[in-house]
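A.B. asks: Pasting a structure below so you can have a look.
The values are calculated or read from the model by the stated rules, or taken from the named source; none is laboratory data. Everything numeric in this text was worked out from a predicted model, so none of it was measured. Please note: Cβ atoms are built from the backbone with ideal geometry, for glycine as well, and neighbour counts cover all protein chains shown.
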Amino acid sequence: MRRTPSDSADTRNLRDLLTLALPALLLIAGAFVLAWQFVRPAPPKKIVFSTGAAGGAYHYFGERYREKLAQEGIEVELRPSSGAVENLRRLKTDDSVDVGFVQGGIANEPDAEDLATLGSMYLEPVWVFYRGREALERIDQFKGKRLAIGVPGSGAQLFALQLLSANGFQTHDPTLVAIGGMEAVTALRQGDVDAFFVVGAPQAPVVDALLHAEGISLLDFAQADGYVRHFPHLVKVTLPRGALDIGGDRPPRDIHLVAATANLVVKADIHPAIVTLLLKHARELHSPPGLLQAANAFPTPHDHALPLHPMAQRFYESGPPLLQRYLPFWLAVLIDRLFVMILPLIAVVLPLSKVLPGLYNWRMRSRVYRWYGELKYLEAEIDATPEAARTPAALAAFLARLDRIEQRAAHRKLPLAFSNELYTLREHIGLVRRRLVRLAESVTPPPATH
């Protein structure tokens, strides 16, 4: 099928449009690809939390975090462990574990690159429960008695051995029994052991069970200040008189304890949104007042054994990100991720939206202006031609050139917005044509009369 001049004009207009549009599209695509490199990946739908033994504070709080994060669409897998030592080992060696509780004094890597702390969540006192009503104040008073010191790999056992060693006990002493949790609670109640070293929050089921058990007493650390001097990771705390039961006056006196902090430790490369989500719920779980702490005392960024995660630093300084304060977690994260993709729109698309129409208009008008140039050049030649040289043949040649300009203009199809320029050109061609006709008539002799 033979192509008409109109088809050729349409093809040329499309080619003009593509000549401008394709580079612009490539530039926009390149800008979005570049911006995508800076878009954070979506937070994981599941994290693994290394907790502790059933009945312990780590497991108790792990379940609370699981309930809270489930409301945000994040599944939390709880992996019980023997305690803080095993939690730290897992975080160091197991790629599948994302977060875990670690007691203060267990880790000491302030320049670590693989782990980071989210701060101290609560106090973990060293509770020494024993059988009988006798008021004991020193650990060395338990010499010769059977002592439950916690399971191997637990922070409780590590602390128990540190304190016992400071009081002259041998770590291989046969009176030290490596059991913990509810097993040790049962053994203490039944008289299989005489005392039980527990390290945990008051909310821990094991601690709560023994605080309210009949015939079980709590050691009053009369040397608490001395322990704090020897073990810098410990602090002195007081269980006030009547804190357990005002009416029953329990305990009947202030009980002095030593405590470490329970720190929330994460992999350094954990998703930042998960960090802020954990801290948001940590504030809900750990800020209320308790037996040993005032309101809003925790969480706190005072754990320096590991580097503080950058997002945790921002959280402590200014609170949760603005979007997470008012929007559901998934929506806040989505908007935060997409915000980076808005930058190419601002930096590239908006300027192009102003430049491209101007370029296209100029390109369309340039075709008309080129014909104007030819028309002007033709007029200049006519003006420069002496009257003697304005022969019929010369004027006919000028008319033929003018016809070619008019023919191209007549068959050139421009977008509707540029039709006025084309019609104006044709009017000017008509002016030049009328001038040439008048010149031709002036040089042509009139016909002979008979």
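A.B. asks: Quick check on this structure: which one of Glu441, Glu427, Glu406 is exposed (fewer than 10 other Cβ atoms within 10 Å of the Cβ) and either among the acidic types (Asp, Glu) or modelled with pLDDT of 80 or more (or both)?
C.D. replies: Of the residues listed, the single one that is exposed (fewer than 10 other Cβ atoms within 10 Å of the Cβ) and either among the acidic types (Asp, Glu) or modelled with pLDDT of 80 or more (or both) is Glu427.
A.B. asks: Right, another one. Restricting to region 136-187, what's the tally of residues that are in contact with a helix residue (DSSP H, G or I) (Cβ under 7 Å, 6 or more places away or on another chain) and within 16 Å of Tyr227 (Cα to Cα)?
C.D. replies: Result for region 136-187: 7.
A.B. asks: Continuing with the same structure: Give Thr276, Thr261 a once-over and let me know the one that is crowded, with 17+ Cβ neighbours inside 10 Å, under 18 Å from the mean Cα position of the chain (by Cα), of a type in the set (Ser, Thr, Tyr) and not in a loop (DSSP other than H, G, I, E, B).
C.D. replies: Being crowded, with 17+ Cβ neighbours inside 10 Å, under 18 Å from the mean Cα position of the chain (by Cα), of a type in the set (Ser, Thr, Tyr) and not in a loop (DSSP other than H, G, I, E, B) holds for just one of Thr276, Thr261, which is Thr276.
A.B. asks: Quick one: how many residues across region 376-394 are surrounded by 11 or more Cβ atoms within 10 Å (Cβ to Cβ) and modelled with pLDDT under 80?
C.D. replies: So the count comes out to 1.
A.B. asks: Let me confirm something: among Leu306, Leu285, which residue is over 15 Å from the mean Cα position of the chain (by Cα) and part of a loop (DSSP other than H, G, I, E, B)?
C.D. replies: Exactly one residue qualifies, and that residue is Leu306.
A.B. asks: Based on what the data block shows, is Tyr316 modelled with pLDDT of 70 or more, loosely packed, with under 14 Cβ neighbours inside 10 Å and hydroxyl-bearing (Ser, Thr, Tyr)?
C.D. replies: Considered against the rule, which asks whether it is modelled with pLDDT of 70 or more, loosely packed, with under 14 Cβ neighbours inside 10 Å and hydroxyl-bearing (Ser, Thr, Tyr), Tyr316 comes out as no.
A.B. asks: Residue under question is Leu17, and the condition is that it be more than 30 Å from Ala305 (Cα to Cα), surrounded by fewer than 21 Cβ atoms within 10 Å (Cβ to Cβ), more than 23 Å from the chain's Cα centre (by Cα) and modelled with pLDDT of 65 or more; does it hold?
C.D. replies: no
A.B. asks: Can you name every one of the strands (runs of 3 or more DSSP E) wholly within region 147-252 that holds 2 or more residues which are under 27 Å from His302 (Cβ atoms) and in contact (Cβ under 8 Å) with a residue 12 or more places away in the chain?
C.D. replies: 195-199, 235-239
A.B. asks: For Pro288, state whether it is under 30 Å from Gln162 (Cα atoms) and at pLDDT 90 or above.
C.D. replies: Considered against the rule, which asks whether it is under 30 Å from Gln162 (Cα atoms) and at pLDDT 90 or above, Pro288 comes out as no.
A.B. asks: Step by step: first the residues of region 193-209, then only those that are surrounded by fewer than 21 Cβ atoms within 10 Å (Cβ to Cβ) and over 16 Å from Ala54 (Cβ atoms), then the one that is modelled with the highest pLDDT. Which residue is that?
C.D. replies: Taking the candidates together, the pick is Asp194.
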